[in-house]
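Report on one structure; see the data block that follows.
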Amino acid sequence: MRFSFRDEFAETNWHTWEARFIPVLKLFKGLDVNLGMSFLETTQNVYLTTSEIRLAPGVRYKLPWERVELGAWARVELRWVYNREPAEWTYTIRPRLRIFSDIPINAKSMKKEDFFYVSSFFEFFYQNDEDLQERYAKRYWFRLGLGYKLNHNFRFEFLYNLQDSKNTIDTNFDELTKENIFVIAVRHDLNKPKK
């Protein structure tokens, strides 16, 4: 489970609350399949707020290193977005690809407990529906931040997110602009690690 708040702290007033649940089935060491389920509430601007439900089947691979977590995660999001004005539901499909790494600062392995780590990733979101009335549907993310792993169940993160995206609902997909977004997240893993 992951709970997060994202805000760009700008005049547009864009921010998002998200709760995400990701059941995982490990196929073999380093490879798993997963099904993400997310619930989001987003203020797109001062006039538009959306609610969203996402299902995201995916495949994730982590290199079998203890010192550093490095890997890739491919997902396909099935998105149901409710726009409050006009009151309507839209449905879209959006593939995502993420390359990620977590590097411990004061521990020798990401499998330890009670340590700080540097978290980073690059992610590409592809949205092909040019009629979709939504800000930030097609974007690139580069995220860098500091995490704290309390134990095998809890992680806390403060991250900086550089986002290239379409700027407004009416902007063409080819016209991307940069946003600076800050993320506060709490992650809770239900399973204990295998010894």
Review point. Going by the structure shown, is E18 touching a His at 6+ places or on another chain (Cβ under 8 Å), within 15 Å of F182 (Cα to Cα) and surrounded by 16 or more Cβ atoms within 10 Å (Cβ to Cβ)?
Key: no
Point to revise | Selection from the range 21-54 of residues that are closer than 22 Å to R187 by Cβ and aromatic (F, W, Y) | key: F21, F39
Practice item. Evaluate the range 86-97: report whether one residue or more is out of contact with any His (no Cβ under 8 Å at 6 or more places or on another chain), modelled with pLDDT of 95 or more and under 26 Å from L27 (Cβ atoms). Key: yes
**Study point:** Residue ID - modelled with the highest pLDDT, chosen from residues in the range 98-139 that are surrounded by 14 or more Cβ atoms within 10 Å (Cβ to Cβ), over 30 Å from G30 (Cβ atoms) and not charged (D, E, K, R)
**Key:** A137
Check your understanding: Would you pick out the residues in the range 37-85 that are of a type outside the set (D, E, K, R), closer than 17 Å to F100 by Cα and in contact (Cβ under 8 Å) with a residue 40 or more places away in the chain?
Key -> V68, G71
Practice item. From F39, F28, grab the single residue that is at pLDDT 90 or above, within 19 Å of V81 (Cα to Cα) and not small (G, A, S). Key: F39
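The values are calculated or read from the model by the stated rules, or taken from the named source; none is laboratory data. Just so you know, these numbers come straight off a predicted model, no measurement behind them. Note: ideal-geometry Cβ built from the backbone for every residue, glycine included; neighbour counts use all protein chains shown.
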